[in-house]
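These notes concern the structure reproduced below.
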Amino acid sequence: MSKRPPIHIHDLIEDLAREDGSYAIAYALLQLAEQAKRAARAIDRLGLADAATPMGAIEVLSIELKRIADAMESRGS
């Protein structure tokens, strides 16, 4: 009996999806779940990046949202 190294579930599903398209949905769901975890981690660490406090981070975020909204408005006109 040969000893195979353990394979991560993401790698297994990715390999199966490449061979059989019916696994593509499972692979896509795993990718979405991973991105949701990354987004949650980023939101959790919002106050630890460039801002000194969580409120400072929210202020920076609101300034960026306003800048984006202004840019979108100017393109629409």
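Any read-out appearing in this document is the output of simple, stated calculations on the displayed coordinates, not a laboratory observation. Here the structure is a predicted model, which means the values were calculated and not measured. Backbone-built Cβ (ideal geometry, glycine too); neighbour counts: all protein chains shown.
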Summed over the other residues with a beta carbon less than 15 angstrom from that of Y23, with K and R at +1 and D and E at -1, the charge totals -4
Quick one: Debye curve from the alpha-carbon atoms of segment 1-44 only, equal weights, vacuum; give me log10 I(q)/I(0) at q = 0.22, 0.29 Å⁻¹ to two decimals.
-> -0.76, -0.93
